[in-house]
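Student: Would you mind keeping the following structure in view while I ask a few things?
The values are calculated or read from the model by the stated rules, or taken from the named source; none is laboratory data. All of these numbers come straight from a predicted model, not from anything done at the bench. We place every Cβ from the backbone using ideal geometry, glycine too, and count neighbours over all the protein chains shown.
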Amino acid sequence: MTATDATLPEVTAPAALAKRPREVIYRHSFVTRVTHWINVLAISLLIMSGAQIFNAHPSLYWGQYGADADKPLLAMQAFHTTNGGLVGKTTIGSWTFDTTGVLGASGAPGHQEARGFPGWLTVPSWRDLALGRHWHFFFAWVLVINGLIYMLFGLFSGHFRRDIAPDRDQLGPRHILRNIWDHVRLKHPTGEEAKRYNVLQKLAYIAVIFLLVPAMVLTGLTMSPGVDSIAPFLLTLFGGRQSARTIHFICANLIVLFVLVHLVEVLLAGVVNEVRSMITGRYVVPAERHK
């Protein structure tokens, strides 16, 4: 080797992308985990028993008694065909859709029956309004009590301030738009960013915890004549019992939409890691690639 060769810098192969060692953090407290799974059970059975109750009169109106009973805001109906079969029709405002087999008329071909929601979506699966109401009221109380425990824990432990309230740097328009774009591209955070909820998650949790669930509880109470006699202001607040029923139905469907989006995000982010964190509390932070 010549002197000239000795002074030359050593040539190395191009640096490959390396992964930092994965980190395990304690993400969910015991109370958060327990109340989460109780909510899963309660909301699931509330939705299914609520569908059973809705099937008793699968139409929605506005006002105290329904301003125009012949023109509901939403209706799931069944009509007989010329050959004796059933056709399911769902009407929303002035639009009508054929929903045979799912809404309005469901069941195996040739054995369909008129019902708003199909039997596989109701509790119980057969027609039983009284039993559906028992299930609905019981799990409504489960949801309320469980929610109060979670609210008190969140307030006194700092969980809301630390984990749910958006950080100042997350509230900027550019940050929010970037998060929306990341979700559109199905891109999930890694490294330090994965240790906290993103701003869209936080805003969604705030909307569900402080808006949708309270609205569902209050509109549910408004539909009770016994509660109306004690708190008549609820009828004024929601514009009548039929309006309360419509708002209750809309809030329930928004919660179903939230749950569906939540499940899709869990699938995309990694089922094992996400579910394990909600069982054990420990979350493996996705490694961040760096050069």
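Per-residue answers, yes or no, for (1) outside the structural domain of Met76 (by TED's automatic domain parsing); (2) assigned to a helix (DSSP H, G or I); (3) modelled with pLDDT under 95:
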position	(1), (2), (3)
Val102	no, no, yes
Ala105	no, no, yes
Ala108	no, no, yes
His111	no, no, yes
Val123	yes, no, no
His136	yes, yes, no
Ala140	yes, yes, no
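Student: Would you tally the residues in segment 98-114 being free of Cβ contacts under 8 Å to residues at least 24 places away in the same chain and either on the phi < 0 side of the Ramachandran plot or of a type in the set (Ser, Thr, Tyr) (or both)? Walk me through it before giving the result.
Tutor: In the first step, residues of segment 98-114 are kept if they are free of Cβ contacts under 8 Å to residues at least 24 places away in the same chain; the result is 98-102, 106-109, 111.
Restricting the remaining residues to those that are either on the phi < 0 side of the Ramachandran plot or of a type in the set (Ser, Thr, Tyr) (or both) gives 98-100, 102, 106, 108-109, 111.
So the count comes out to 8.
Student: Any idea how many residues of segment 74-92 are within 25 Å of the chain's Cα centre (by Cα) and part of a loop (DSSP other than H, G, I, E, B)?
Tutor: Number satisfying all stated conditions: 0.
Student: For segment 237-260, which residues satisfy the criterion of being surrounded by 13 or more Cβ atoms within 10 Å (Cβ to Cβ), of a type in the set (A, V, I, L, M) and without any contact (Cβ under 8 Å) to a residue 60 or more places away in the chain?
Tutor: Listed by number, the residues that qualify are Leu237, Ala244, Ile247, Ile250, Leu254.
Student: Here is a follow-up. Within segment 154-168, does at least one residue satisfy the condition of being of a type in the set (S, T, N, Q) and in contact (Cβ under 8 Å) with a residue 40 or more places away in the chain?
Tutor: Yes, segment 154-168 contains at least one residue that is of a type in the set (S, T, N, Q) and in contact (Cβ under 8 Å) with a residue 40 or more places away in the chain.
Student: Would it be correct to say that Ala287 is more than 21 Å from the chain's Cα centre (by Cα), within 26 Å of Leu155 (Cβ to Cβ), aliphatic (A, V, I, L, M) and surrounded by fewer than 16 Cβ atoms within 10 Å (Cβ to Cβ)? Spell out the reasoning first.
Tutor: Details: more than 21 Å from the chain's Cα centre (by Cα): yes; within 26 Å of Leu155 (Cβ to Cβ): no; aliphatic (A, V, I, L, M): yes; surrounded by fewer than 16 Cβ atoms within 10 Å (Cβ to Cβ): yes.
So Ala287 fails the test.
Student: Filter segment 42-97 for residues that are under 30 Å from Ile149 (Cα atoms) and either touching a residue at least 12 places away in the same chain (Cβ under 8 Å) or surrounded by 19 or more Cβ atoms within 10 Å (Cβ to Cβ) (or both) and give the result. Step through it out loud before you land on a result.
Tutor: Looking only at segment 42-97, we keep the residues that are under 30 Å from Ile149 (Cα atoms), and these are 42-54.
Ala42, Ile43, Leu45, Leu46, Ile47, Met48, Ser49, Gly50, Ala51, Gln52, Ile53, Phe54 - these are the residues of segment 42-97 that are under 30 Å from Ile149 (Cα atoms) and either touching a residue at least 12 places away in the same chain (Cβ under 8 Å) or surrounded by 19 or more Cβ atoms within 10 Å (Cβ to Cβ) (or both).
Student: Something else now. Determine the pairs where a residue that is not assigned by TED's automatic domain parsing to the domain that holds Gly50, located within segment 205-227, has a partner that is of a type in the set (A, V, I, L, M, F, W, C) and crowded, with 17+ Cβ neighbours inside 10 Å with Cβ atoms under 7 Å apart, the partner being 6 or more residues away or on another chain.
Tutor: none
Student: Within segment 132-144, can one find any residue that is touching a residue at least 60 places away in the same chain (Cβ under 8 Å), exposed (fewer than 14 other Cβ atoms within 10 Å of the Cβ), in contact with a helix residue (DSSP H, G or I) (Cβ under 6 Å, 6 or more places away or on another chain) and closer than 30 Å to Gly85 by Cβ?
Tutor: No: segment 132-144 contains no residue that is touching a residue at least 60 places away in the same chain (Cβ under 8 Å), exposed (fewer than 14 other Cβ atoms within 10 Å of the Cβ), in contact with a helix residue (DSSP H, G or I) (Cβ under 6 Å, 6 or more places away or on another chain) and closer than 30 Å to Gly85 by Cβ.
Student: Shifting gears a bit: Quick one: what pairs do we get from segment 172-197, first residue hydroxyl-bearing (Ser, Thr, Tyr), second surrounded by 12 or more Cβ atoms within 10 Å (Cβ to Cβ), C-beta under 6 Å, 6+ apart or different chains?
Tutor: Qualifying pairs under 6 Å: Thr190/Pro286; Thr190/Glu288.
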